[in-house]
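Visitor: The structure that follows is given in the form of C-alpha cells.
The values are calculated or read from the model by the stated rules, or taken from the named source; none is laboratory data. Here the structure is a predicted model, which is why all the values come from computation and not from measurement. Cβ atoms come from the backbone with ideal geometry, glycine included; neighbour counts cover every protein chain shown.
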Amino acid sequence: MSETSARVRVRVAPSPTGDPHVGTAYMALFNVAWARKMGGEFLLRIEDTDRARFDPGSEQQIYDSLRWLGLTWDEGPDLGGPVGPYRQSERLETYGPVVDQLLADGHAYHCWCSPQRLADLREQRSREKSSATGYDRLCLGMTREERETLPGFSPTPVVRMLIPDDPPLTFQDAVRGEIRAPHPDDQVIRKADGFPTYHLAVVVDDHLMGVTHVVRGEEWISSTPKHLLLYQWLGWDTPEFAHMPLLRNADHSKISKRKNPAARLTWFREQGFLPEALLNFLQLMGFPPAHQDSEVASLAEFIDAFEWSKVNTVGPVFDLDKLTWLNGHYIRALPTEELAARIATHLTETGTWPSPPDPSALTLLTRATPLIRERLTLLSEALPKLAFLFAHDDDITIADDARSQLGENAPAILASAVTALSTVTPFDAASIEAALRKTLVEEMGIKPRLAFAPLRIGLTGERVSPPLFESMEVLGRTSTLTRLGRAAENLS
Ligand code: GLU
C-alpha cells in the first residue's frame with residue numbers, strides 16, 4: 001500500500017444494529033494501526049441507513065466499547081470534524097443529488113417491482129433450476145406509466161445501478177494482491193424509503209470524507225466492483241483497499257452474534273477480560289506476533305511492527321483459550337493497586353456491587369488481591385474467591401462438602417487455634433503460621449493437613465480458599481477469632 005501519497009485517512013463504519021460485533025473492534029484496530037503508523041487520521045462513521053435493523057442504544061455501545069479498548073477516533077459523530085456529519089442518516093441531502101446524477105447519466109434506473117414480484121422471480125428460477133440470478137431488468141427503459149400496467153407494481157420505486165457487460169472486476173488489495181470478484185447484479189442504490197443503500201453511501205462518504213484506504217472485512221470483496229463502478233461513473237479517485245480475513249469459529253464458520261456470545265463486543269467486558277488482552281488477541285488474529293519470541297505485544301508495539309504485507313489472508317480461528325491465557329498474563333503483570341481497582345470497576349459495572357466500593361472495602365480488596373492474582377484469569381473470578389472476606393462474620397456458613405471432611409476433633413482444633421491466635425503479635429501471616437504449627441502440629445501432634453482444614457472451613461465456610469494464614473492476616477484478628485470460635489461452637 002502506498003506510503004507516499006496524501007495523508008492517510010481511514011475509517012471504521014459500523015452499523016448500529018444491536019450490540020457491536022467483535023469484528024468492529026478488530027477492523028478498528030487495524031485501521032488505527034495504519035493511521036497511527038502513518039501519522040494520519042482515523043474516523044468513526046455510523047452507517048445507519050438500514051432503518052429496519054436500527055437499534056437506538058447501539059451507537060453508544062460502539063463508542064463505549066471502542067473507547068474501553070483505547071481505539072479512539074479523531075473525527076466522529078460525537079466529536080465532529082471537518083467533513084461531518086458522520087452519521088449517514090444526517091447526510092441524506094448529500095446522497096440525493098448523486099443518485100439523480102447517476103439517473104441523468106444513464107448509469108441508474110428506477111425499478112417499481114414489488115418485493116413480492118422479486119420473491120416470485122426467485123422462486124420461479126429455483127423451480128426451473130435456472131442459473132440466472134439477480135434482477136431481470138423488467139423496469140429498465142420503462143416509464144412509470146408503462147410499468148404501472150404490468151403486474152407486481154409498487155408505487156414507490158427503488159433506484160438500481162445499470163451494471164455494464166464488462167464492469168471492472170479486478171482490483172489491487174493491500175492484503176491479498178490482485179483480486180478478481182464476481183460479476184455484480186443491478187444493485188439497488190436508493191431504497192423505497194428514500195434512504196441510500198450501503199453501497200452508494202459508502203462510496204459517497206469515503207470520497208467526501210477524504211478516505212484514502214478502505215480497510216474492512218473480506219465479506220465486502222464481492223461488493224467492491226460495484227463500488228469501483230460508482231467511483232468511475234462519478235469521476236472520483238478510488239481509494240486503496242485492504243480486505244481483512246474474517247474471524248472464524250473452530251469449524252471455520254463466521255462468528256455470529258446469534259450463535260456465539262463472544263461475537264458481542266460487550267461480552268468481553270462483562271466476562272472480565274482486560275481491554276489490553278483483547279487488543280493483543282485481536283492483533284494476533286490478523287497479524288504475526290510483533291516480537292519474535294513472544295505473542296505479548298502492546299498496541300504501540302503492534303503499530304510499530306505493522307505492515308500490510310504481513311496481515312493474514314486466511315480467516316483466523318477465534319480461540320478463547322488463547323485469549324484467556326493472554327488475559328491471565330496481563331492480570332499478573334498489573335501492579336496490585338491497579339488490579340484491585342480494575343476488579344472493583346468490573347464489579348461495579350456489572351452490577352455485582354451496587355455502587356463503587358468505599359475506601360475501606362477498596363483497601364480490603366487491595367490487600368487481598370495478591371492472594372488470588374496468580375490463579376486469576378478473569379476479573380469476574382475474583383469476588384467468588386474472596387467472598388468470605390466481604391461477608392459478615394455471622395454469615396459464614398459451612399458448605400456441606402466442607403462439613404463432611406471434618407473429623408471429630410475439629411471443635412478441639414478450632415478452640416485451640418482461638419487460644420493460640422488471641423495473643424499472636426504482630427497478627428501477620430508468618431506469626432500466625434508459627435503459632436498454629438506450634439500449638440496444633442507440635443503440641444497436639446496433628447498432621448498439618450488435618451490441623452489446618454477445620455481452620456480454613458471455619459474462616460471461609462469452604463474447602464478451598466486462598467492461602468490460609470495470609471487470609472487470616474487480611475481478615476484481622478477480631479474476625480478470625482470470631483469465625484473460628486463460632487465454627488467450634490457449631491460443630492460441637
Ligand atoms: N457498515 C458496514 C459494516 O458494518 C461497513 C463496511 C465497510 O467498512 O465498508 O460492515
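Visitor: Which members of segment 462-492 meet the condition of being small (Gly, Ala, Ser) and closer than 19 Å to residue 365 by Cα? Explain how you work it out, then say what you get.
Guide: First, pick out the residues of segment 462-492 that are small (Gly, Ala, Ser): 465, 471, 476, 479, 485, 487-488, 492.
Matches in segment 462-492: 465, 471, 476, 479.
Visitor: Still on this structure, please answer the following. Can residue 331 be described as among the β-branched types (Val, Ile, Thr) and either out of contact with any helix residue (DSSP H, G or I) (no Cβ under 6 Å at 6 or more places or on another chain) or outside any helix (DSSP H, G or I) (or both)? Spell out how you get there, then give the answer.
Guide: Details: among the β-branched types (Val, Ile, Thr): yes; either out of contact with any helix residue (DSSP H, G or I) (no Cβ under 6 Å at 6 or more places or on another chain) or outside any helix (DSSP H, G or I) (or both): yes.
Judged against the criteria, residue 331 is a match.
Visitor: If you scan segment 375-404, which residues turn out to be more than 25 Å from the chain's Cα centre (by Cα) and within 23 Å of residue 277 (Cβ to Cβ)?
Guide: Step one: filter segment 375-404 for residues more than 25 Å from the chain's Cα centre (by Cα), giving 385-404.
Within segment 375-404, 385, 386 qualify.
Visitor: Select, from 421, 481, 440, the only residue that is surrounded by 22 or more Cβ atoms within 10 Å (Cβ to Cβ) and farther than 18 Å from residue 368 by Cα.
Guide: Details: 421 fails: surrounded by 22 or more Cβ atoms within 10 Å (Cβ to Cβ); 481 fails: surrounded by 22 or more Cβ atoms within 10 Å (Cβ to Cβ).
After applying the criteria, what remains is 440.
Visitor: Read through the list (1) assigned to a helix (DSSP H, G or I); (2) closer than 25 Å to residue 390 by Cα; (3) without any contact (Cβ under 8 Å) to a residue 24 or more places away in the chain, then give the number of the only condition that residue 425 fails.
Guide: (1)
Visitor: How many of the residues in segment 449-476 are assigned to a loop (DSSP other than H, G, I, E, B) and touching a residue at least 40 places away in the same chain (Cβ under 8 Å)?
Guide: The initial filter retains those residues of segment 449-476 that are assigned to a loop (DSSP other than H, G, I, E, B), namely 461-467, 476.
Those still in the list that are touching a residue at least 40 places away in the same chain (Cβ under 8 Å) too: 461-463, 465-467, 476.
Residues flagged as assigned to a loop (DSSP other than H, G, I, E, B) and touching a residue at least 40 places away in the same chain (Cβ under 8 Å) within segment 449-476 amount to 7.
Visitor: May I pose another question? Looking at 446, 413, can you tell me which residue is under 12 Å from residue 484 (Cα atoms), among the β-branched types (Val, Ile, Thr) and in contact (Cβ under 8 Å) with a residue 12 or more places away in the chain? Write out each step before concluding.
Guide: On the way: 446 fails: under 12 Å from residue 484 (Cα atoms).
Just one listed residue meets the conditions, 413.
Visitor: Return the pair list, or none, for Cβ contacts closer than 8 Å from residues in segment 82-98 that are within 17 Å of residue 11 (Cα to Cα) to residues that are exposed (fewer than 13 other Cβ atoms within 10 Å of the Cβ) and β-branched (Val, Ile, Thr), at least 6 apart or on different chains.
Guide: Correct list of pairs: empty, since none qualify.
Visitor: Quick one: which strands (runs of 3 or more DSSP E) sit completely within segment 137-216 and have at least 2 residues that are away from the ligand (no atom under 16 Å from the Cβ) and without any contact (Cβ under 8 Å) to a residue 12 or more places away in the chain? Don't jump to the end; show me each part of the working.
Guide: Details: elements: 153-161, 170-173, 177-180, 188-190.
In segment 137-216, 177-180 are the strands (runs of 3 or more DSSP E) which contain 2 or more residues that are away from the ligand (no atom under 16 Å from the Cβ) and without any contact (Cβ under 8 Å) to a residue 12 or more places away in the chain.
Visitor: Can you pull out the strands (runs of 3 or more DSSP E) entirely within segment 1-115 that have at least 3 residues that are within 16 Å of the ligand (Cβ to nearest atom) and touching a Pro at 6+ places or on another chain (Cβ under 8 Å)?
Guide: Working: elements: 9-12, 41-44, 108-113.
Fully inside segment 1-115 and qualifying: nothing.
Visitor: Residue under question is residue 346, and the condition is that it be loosely packed, with under 14 Cβ neighbours inside 10 Å and either out of contact with any Phe, Trp or Tyr (no Cβ under 8 Å at 6 or more places or on another chain) or hydrophobic (A, V, I, L, M, F, W, C) (or both); does it hold? Reasoning before the result, please.
Guide: Numbers: loosely packed, with under 14 Cβ neighbours inside 10 Å: no; either out of contact with any Phe, Trp or Tyr (no Cβ under 8 Å at 6 or more places or on another chain) or hydrophobic (A, V, I, L, M, F, W, C) (or both): yes.
Taking the combined requirement at face value, the residue does not satisfy it.
Visitor: Taking segment 63-100 on its own, how many of its residues are among the β-branched types (Val, Ile, Thr) and touching an Asp or Glu at 6+ places or on another chain (Cβ under 9 Å)? Talk me through it step by step, then tell me what you get.
Guide: So in segment 63-100, the residues among the β-branched types (Val, Ile, Thr) come out as 72, 83, 94, 98-99.
Among the residues that remain, those that are also touching an Asp or Glu at 6+ places or on another chain (Cβ under 9 Å) are: 83, 94.
The qualifying residues number 2.
Visitor: Quick check, is residue 445 modelled with pLDDT of 95 or more, touching a Phe, Trp or Tyr at 6+ places or on another chain (Cβ under 8 Å) and on the phi > 0 side of the Ramachandran plot?
Guide: Values: modelled with pLDDT of 95 or more: yes; touching a Phe, Trp or Tyr at 6+ places or on another chain (Cβ under 8 Å): no; on the phi > 0 side of the Ramachandran plot: yes.
So residue 445 fails the test.
Visitor: Can I ask one more? Tell me which residues, restricted to segment 217-253, are among the hydroxyl-bearing types (Ser, Thr, Tyr), modelled with pLDDT under 95 and within 12 Å of the ligand (Cβ to nearest atom). Write out each step before concluding.
Guide: In the first step, residues of segment 217-253 are kept if they are among the hydroxyl-bearing types (Ser, Thr, Tyr); the result is 222-224, 231, 238, 253.
Within this subset, residues satisfying the condition of being modelled with pLDDT under 95 are 253.
Within segment 217-253, no residue meets the criteria.
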